[in-house]
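The values are calculated or read from the model by the stated rules, or taken from the named source; none is laboratory data. Predicted, not measured: the structure shown is a model, and the values here were computed from it. Cβ atoms come from the backbone with ideal geometry, glycine included; neighbour counts cover every protein chain shown. Protein only, heavy atoms only, side chains kept; ligands, DNA and RNA dropped before computing areas. Shrake-Rupley method; radii C 1.70, N 1.55, O 1.52, S 1.80 Å.
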Amino acid sequence: MGDFFKLKLWFLFVMVIAISFGNDWEFSSRGENIVPIETSQVSIKKEEIRMKVVNDGMNVRVKFIFNSPVSEEKIIGFITPEGGFDDDENYQWDGEMHFKNFTTVVNGKTVKSNVEKMKDFYKKNLLSKEEMKKYNVEKYKDSYIYYFKANFKKGDNTVEHSYNYSGSYGVGYIDFQYVWTTISKWKNKKVDDFELIIDPGTSFVSLPYTFWKNEKKVNWEIIGEGKIDTAVQTITDSNTKEKKVLKRVYARLKSGYIRYKTKDFAPDNEFLMEEIKNTATYYPFEKTEKGYVFTDDNFDYTRWICCYVTEPYSKEKYGTYENYEAELKLSKEQEEQLKKLSDKELEILRNYPFALEGYDFSRKDLRDYFSQFIWYYPIGKNVKGYFYPEVTKIVDKIIKERKKNSK
């Protein structure tokens, strides 16, 4: 794994089905991979996944059309080693339920959803001793399992479910990972007709360049208006000293959604999406294939805001990013450093928070300057510009004093 991804808090999403299971498994944890049980001769004819970025994470809706060779009742669900710390020896659950509002409809009928602690679920003998060992039931005994009973008929069966997932918070971004290599556990090892729709709103997002080990490019398309491009960077593995090429796709939309649609979908790599909350603390690549950059080498905005960030954002402590950034303060020494900036640099610094949110600048010079960044796309005038308000406050004071002294 490259250096860039080693910096992330990996959230593995796993769905386990006691009799047969789909590729829609997920959980928020740094725990080890759970190996799925072998499935029956059910195939996936069609799968539609819709992911929508919302204020409290992501809303996910999935629709499967399964083809079953026989009529039978199946127990379907997912095990969620919830968010917490795992050092491969000791697992500490954070006590929070990261999956909410889980609902399921099977062949047009809403079915009851059950939620139980793992330690209670396995007492029902739904898992064999071998399966309990594979899923590390003892380690994750306080985690939850969400499941329901589905009466499958012979032939096509439609299963629809939805839920909200809180994601994995980091400094300036939120991770959303989706494990779908379990497609290989179904008959034919593929989805005949597959569609993924991502609705990021106006958020700046990062998407996988590929879903395959052969590095075949994903054919992402914007249905609407926005900017999308691939970022490329060569890194040296700290262990092997080998050079590796990292590729990620970045997008910022004004309207619409991002889509990937294909036939015979059979991935062998997983899905990782990032909602980048603040590009000032997130810059893994230098530039994109079309020449867009993440930061300006001649004017490092991050220098003026990162220097006084003393602790990472915590949703539990601060609630929102606005609350977090409102409490960050500059020292007197940092204020003096800001006074050394030119008028042009102060103006850029003053407008950065609004550009980060997609402010549609009327002035051509500001619009042209920010258009060099992959994360900027003019969205509208109604943005708050709340990023690091303390910096904006000090810059306004300096500009005001300069105008006063120039008279």
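Miscellaneous remarks
- Pairs where the first residue, in segment 381-405, is over 18 Å from LYS332 (Cβ atoms) and basic (Lys, Arg) and the second is at pLDDT 80 or above and outside any loop (DSSP other than H, G, I, E, B), C-beta under 9 Å, 6+ apart: LYS381/TYR359; LYS384/PRO353; LYS384/PHE354; ARG402/ASP343; ARG402/LEU346
So that you can scan it fast, the table gives a plain yes or no per residue for (1) within 23 Å of LYS315 (Cβ to Cβ); (2) open to solvent by 30 Å² or more (accessible area, probe 1.4 Å); (3) part of a strand (DSSP E or B):
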{"position": "TYR250", "(1), (2), (3)": "no, no, yes"}
{"position": "GLY256", "(1), (2), (3)": "no, yes, yes"}
{"position": "LYS263", "(1), (2), (3)": "no, yes, yes"}
{"position": "LEU272", "(1), (2), (3)": "yes, no, yes"}
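- Subset of segment 348-367 [at pLDDT 90 or above, out of contact with any Phe, Trp or Tyr (no Cβ under 9 Å at 6 or more places or on another chain) and open to solvent by 50 Å² or more (accessible area, probe 1.4 Å)]: SER362, ARG363, LYS364, ASP365
- Scanning segment 101-139 for residues that are at positive phi and at pLDDT below 70 yields a count of 2.
- Every pair of residues 6+ apart whose Cβ atoms lie under 6 Å, when the first sits in segment 173-196 and is assigned to a strand (DSSP E or B) while the second is among the small types (Gly, Ala, Ser) and open to solvent by 40 Å² or more (accessible area, probe 1.4 Å): LYS189/ALA266; LYS190/ALA266
- Residue count for segment 282-316, restricted to those that are in a helix (DSSP H, G or I) and either modelled with pLDDT under 65 or surrounded by 11 or more Cβ atoms within 10 Å (Cβ to Cβ) (or both): 7
- Long-range neighbours under 7 Å by Cβ, at least six apart or interchain, first residue closer than 19 Å to TRP220 by Cα and acidic (Asp, Glu) within segment 273-299, second at pLDDT 80 or above and open to solvent by 40 Å² or more (accessible area, probe 1.4 Å): GLU289/VAL232
- Within segment 219-245, the set of residues being over 27 Å from GLU357 (Cβ atoms) and not polar (S, T, N, Q) comprises ILE235, ASP237, LYS241, GLU242, LYS243, LYS244, VAL245.
- Filter result (at pLDDT below 90 and either within 14 Å of GLU160 (Cα to Cα) or not in a strand (DSSP E or B) (or both)) within segment 50-59: ASN55, ASP56
- Filter result for ILE276 (modelled with pLDDT of 70 or more, among the hydrophobic types (A, V, I, L, M, F, W, C), farther than 27 Å from PRO208 by Cβ and in contact with a strand residue (DSSP E or B) (Cβ under 8 Å, 6 or more places away or on another chain)): no
- Just one of the numbered conditions (1) part of a loop (DSSP other than H, G, I, E, B); (2) open to solvent by 20 Å² or more (accessible area, probe 1.4 Å); (3) hydrophobic (A, V, I, L, M, F, W, C) is not true of LEU341: (2).
- Failed condition for SER371, given (1) of a type in the set (Gly, Ala, Ser); (2) open to solvent by 40 Å² or more (accessible area, probe 1.4 Å); (3) in contact (Cβ under 8 Å) with a residue 60 or more places away in the chain: (3)
- Flag if THR240 is surrounded by fewer than 21 Cβ atoms within 10 Å (Cβ to Cβ), in a loop (DSSP other than H, G, I, E, B), free of Cβ contacts under 8 Å to residues at least 40 places away in the same chain and among the β-branched types (Val, Ile, Thr): yes
- Any hit, segment 216-228, residues being modelled with pLDDT under 95 and aromatic (Phe, Trp, Tyr): no
- Restricting ASP175, ASP94, ASP86, ASP142 to residues that are on the phi < 0 side of the Ramachandran plot, at pLDDT 75 or above, of a type in the set (D, E, K, R) and within 29 Å of the chain's Cα centre (by Cα) narrows the list to ASP175.
- Of the residues SER168, SER203, the single one that is surrounded by 20 or more Cβ atoms within 10 Å (Cβ to Cβ), hydroxyl-bearing (Ser, Thr, Tyr) and under 16 Å from MET273 (Cβ atoms) is SER168.
Condition check ((1) more than 26 Å from ASP264 (Cβ to Cβ); (2) in contact with an Asp or Glu (Cβ under 6 Å, 6 or more places away or on another chain)) across all residues:
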site	(1), (2)
HIS161	no, no
SER206	yes, yes
TYR209	no, no
ILE222	no, no
LYS227	yes, no
ASP237	yes, no
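- Taking the conditions (1) of a type in the set (A, V, I, L, M, F, W, C); (2) at pLDDT 75 or above; (3) open to solvent by less than 50 Å² (accessible area, probe 1.4 Å) in turn, ILE75 satisfies each one other than (2).
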